[in-house]
Protein chains: 2
Amino acid sequence: MDKKEEDSLQGYRGEAQKTLQKYGVKVWSEVKITGKKRIFEGIVLPRSELGDDKHIVIKLPNGYDIGINIKDIETIEEKGYEPAAYKLPEKTFPKDEKKPNVTLLGTGGTVAARLDYRTGAVIPAFTPQELFTAVPELTDICNLETRTIYEIFSENMKPEHWQKIAEETAKEINKGTEGVIIAHGTDTMHYTASALTFMLKNLPVPVVMVGSQRSSDRPSSDAATNLISATLTAAKSDIAEVTICMHETTNDPTCLIHRGTRARKMHSSRRDTFRTIDDTPLAKVNPLTKQITPLRKDYNKRKKTNKKKKEEKKKEEKKKEERGEEEGREVIADTAFEEKTALIYTYPGIKKEIIEHLIDQNYKGIVIAGTGLGHTPETLIPTLERAIQQQNMTIVMTTQCLWGHIKMNVYDTGRKLLKIGVIPGANMLPETAYIKLGHILGHTQNKEEIKKLIQTNIAGEITKREKHKAYQILQN
Amino acid sequence: MDKKEEDSLQGYRGEAQKTLQKYGVKVWSEVKITGKKRIFEGIVLPRSELGDDKHIVIKLPNGYDIGINIKDIETIEEKGYEPAAYKLPEKTFPKDEKKPNVTLLGTGGTVAARLDYRTGAVIPAFTPQELFTAVPELTDICNLETRTIYEIFSENMKPEHWQKIAEETAKEINKGTEGVIIAHGTDTMHYTASALTFMLKNLPVPVVMVGSQRSSDRPSSDAATNLISATLTAAKSDIAEVTICMHETTNDPTCLIHRGTRARKMHSSRRDTFRTIDDTPLAKVNPLTKQITPLRKDYNKRKKTNKKKKEEKKKEEKKKEERGEEEGREVIADTAFEEKTALIYTYPGIKKEIIEHLIDQNYKGIVIAGTGLGHTPETLIPTLERAIQQQNMTIVMTTQCLWGHIKMNVYDTGRKLLKIGVIPGANMLPETAYIKLGHILGHTQNKEEIKKLIQTNIAGEITKREKHKAYQILQN
């Protein structure tokens, strides 16, 4: 949203606008609204383009927004007007040669805003100065560069966005940054994390995705602690993978570092919404003590990029280039993605026409989230057979259970599906398998190669053994 | 599979058959097979119609099946032949007037077979005598009648099967049984549990679904403990709801009783695969101590059906009938279901054509498993608007997070979807919402009524408050 749009009655129109004008109240005014039945105190919020002209929306002290019908309003009293509270002064971000340089790329989402612009606030973008003001702890950790790539809701992310983010991330890394933070909406963060994992080949430094489940103007906001933890991970950890950094629990400030290919958003609103499924998270980060505690050792390690090493490396690479070798420490954004790839969760009663539709639309691949060990209703099998054998489609099986491995040789249905050429997807999450398949189909049409790549663990998306403790347990 | 098909070389053909004949070995023979590299000992299993003619399949002492290529076989030695071990003698099931009468309806699945017929065994059906022989503890609990309705893999269940199971269940209850156990494959057990919940109106006694993740010839089988726990619940608990009875953990024998509308299969192979999502299970059952421990109180209570009450009730009902009143304790199988209902999990890159296809196919309703608080990519919104406003379709929003409530008035995308008429599905599981919507659309076309019913908690499918402890925690 453009800053110029921030007029004093932003978004209000018709009767609601008249009411505000009548009492001389503006957006961001602190008000006491006397209603016919109740008294409300809070801050007048701007409205979005979708708002009606019948309500005034205020943010209550508890952080929640409430819309008050103007019919029910008897008087409004302005108690204060401090928009500055919502537009913190921009301090200068100190540059310290001894600290690592980290880049924060903004793509949108709650964490990227000081106020949640989706609930009416107006500051979706941010500069290093703004961030420093909001979260001064960041200066202790690193020199932070920030850049906004997108300002979109993550539900609107598409493969083309993943490609652009991968390219921009690669650019930053190849310019020498020692870690990248990607601020992203939480809805589809795990899809993007998977996509970046497969697209960024030869990653030498951490790429940490971070989001927020509560906008930072809410008392319970997780934005600052998530951001500090993500920054610590990007600047100091040795995890050269694409990860997701979000809260571990609802109570503690600690965050978990989830491997991008094994994470999933598992709760619509809790701040500990992200979970590593069927595996152990990579690390735990305490934003207060600034401690990063690895929970395992089997991850890709950071390639040191201090200046000395860099210079040596450059010389070495130059020599290699002269010898015609292509090896280098540069990350490659290998972003080809077949958009004619689908993800279908099956269910009892699903009609074969849904698969036929995908055949008609010339799809190249489908990931099925089937039931149990990897089953579909048998009514789909002839259509799937036609898709594979006549249309040359790739069908990959995953389980809608989310936890556990596919084993298609146990029951008849699985065996039938194997026989027609469905590829078992091991214990890949359906969402990860979808992205992996799109990525593979963007690179090859060779049946054998596709099958081999699907079944090969490339980036932690397949685990050999299920860890007993990686299953959910009951707290009851 | 018909028992008549059980010939001595069942399922073997071609070279494999010849090999067995050569060594005078039959299906169910205990054998020692000397291979070129290894020696195998086990029991020759029958083969399914899909088997090739190159392998002999034996069950190893550890419970696993292995196929041995006849090319690698040097000799086979028959060490014994005891098909009786797999066809236990049928003892008489004692009838005790003091014990409650319970009915077990078989529909298929691993628990309904003494041997897993899907891996090659031939006894999918069972009689009370067979069950008694296999699980003698059952006679301590109740008088058990058993009846086979279907013998199908649960992935092949369709609405028509739910309807038949609901009708047969109602029939048994209205004949006076004090509890019904439904043996069912685990893959789609939660879908069937939801369907039966909505279809069985005025349920007076427990209906307990039970399955097994390991066939009962495996050392680690959960079939017996699950069956005992389910029988206890059906015979003795006061939970007059459709529930799922499966293991609580991988180690303990205890089972949990999950409400049918809030359970989901969450692991492809663990025996504690079923989980109550975003809510507390109803009870815990210990099959050793025979103790049923309620974990909450807010469930529908059993209506006593002992003979005295029954007679009184009958008189009363007769009087009511004479007065033209229809009230009674009879359960009603209200099975109407709109088959033109779909369940769609969205994902980044999903094309609007998938929704257009459903419009073209004259679908009446779609449950969307969207992201986060209830979002879809905005590219779908115009198509969804057309579906609702021109085609009169019902679109219900749920979250693919599985845990947590839908809140569509928080972000712009949600508000846009609300504005075009998408109905927020509270915290219904996507699978439950699909069945509820099909059930509602089977009964009414009235828009307002549909919306009201979707948003009303009918059978525990919507919980008002999220229980903090109902979220998954980490064991790491």
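The values are calculated or read from the model by the stated rules, or taken from the named source; none is laboratory data. These numbers come from a predicted model, not from an experiment. Cβ placement follows ideal geometry from the backbone for every residue including glycine, while neighbour counts extend to all protein chains displayed.
Of the set (1) surrounded by fewer than 24 Cβ atoms within 10 Å (Cβ to Cβ); (2) at pLDDT 95 or above, all apply to residue B:232 but (1). Here residue B:213 fulfils each of the conditions (1) within 20 Å of residue B:104 (Cβ to Cβ); (2) crowded, with 24+ Cβ neighbours inside 10 Å; (3) more than 11 Å from chain A (Cβ to nearest Cβ) apart from (3). The single condition among (1) in contact with a helix residue (DSSP H, G or I) (Cβ under 9 Å, 6 or more places away or on another chain); (2) under 21 Å from residue A:303 (Cα atoms); (3) of a type in the set (Ser, Thr, Tyr) that residue A:250 does not meet is (2).
On the given criteria, is residue B:418 modelled with pLDDT of 95 or more and within 22 Å of residue B:364 (Cα to Cα)? Against the criterion (modelled with pLDDT of 95 or more and within 22 Å of residue B:364 (Cα to Cα)), residue B:418 qualifies.
Among residues of region A:391-417 that are within 7 Å of another protein chain (Cβ to nearest Cβ), those with a Cβ under 8 angstrom from a residue that is of a type in the set (Val, Ile, Thr) and part of a loop (DSSP other than H, G, I, E, B), sequence gap 6+ or separate chain, pair up as A:399/A:406; A:401/B:273; A:402/A:277; A:403/A:277; A:404/B:273; A:413/A:376.
The set of residues from region B:29-84 being within 14 Å of another protein chain (Cβ to nearest Cβ), more than 15 Å from residue B:17 (Cα to Cα) and either in a loop (DSSP other than H, G, I, E, B) or modelled with pLDDT of 80 or more (or both) comprises B:63, B:64.
Filter the strands (runs of 3 or more DSSP E) completely within region A:254-351 down to those with at least 2 residues that are at pLDDT 95 or above and away from chain B (no Cβ under 14 Å).
Numbers: elements: A:255-259, A:263-265, A:274-276, A:283-286, A:291-294, A:341-345.
Filter on region A:254-351 gives A:283-286, A:291-294.
For region B:361-375, the criterion of being of a type in the set (Phe, Trp, Tyr) and either buried (at least 24 other Cβ atoms within 10 Å of the Cβ) or at the interface with chain A (Cβ under 8 Å from one of its Cβ atoms) (or both) is satisfied by no residue at all.
Of the residues making up region B:11-25, those that are buried (at least 18 other Cβ atoms within 10 Å of the Cβ) and assigned to a loop (DSSP other than H, G, I, E, B) are B:11, B:12, B:25. Of everything in region B:376-390 that is part of a loop (DSSP other than H, G, I, E, B) and among the polar types (S, T, N, Q), the residue that is nearest to the other protein chains (Cβ to nearest Cβ) is B:376.
Just wondering, is there one or more residues in region A:432-452 that are of a type in the set (Ser, Thr, Tyr) and over 24 Å from the mean Cα position of the chain (by Cα)? There is at least one residue in region A:432-452 that is of a type in the set (Ser, Thr, Tyr) and over 24 Å from the mean Cα position of the chain (by Cα). If the condition is being touching a helix residue (DSSP H, G or I) at 6+ places or on another chain (Cβ under 7 Å) and at the interface with chain B (Cβ under 10 Å from one of its Cβ atoms), then region A:418-450 contributes A:431, A:435, A:438. The set of residues in region B:142-152 being surrounded by fewer than 21 Cβ atoms within 10 Å (Cβ to Cβ) and either free of Cβ contacts under 8 Å to residues at least 24 places away in the same chain or more than 14 Å from chain A (Cβ to nearest Cβ) (or both) consists of B:145, B:147, B:148, B:149.
Taking into account only those residues within region B:153-191 that are within 10 Å of chain A (Cβ to nearest Cβ) and of a type in the set (S, T, N, Q), which is surrounded by the fewest Cβ atoms within 10 Å (Cβ to Cβ)? In this case the residue turns out to be B:156. Residue A:163 meets the conditions (1) in contact with a Phe, Trp or Tyr (Cβ under 7 Å, 6 or more places away or on another chain); (2) within 19 Å of residue A:204 (Cβ to Cβ) in every case but one. The failed one is (2).
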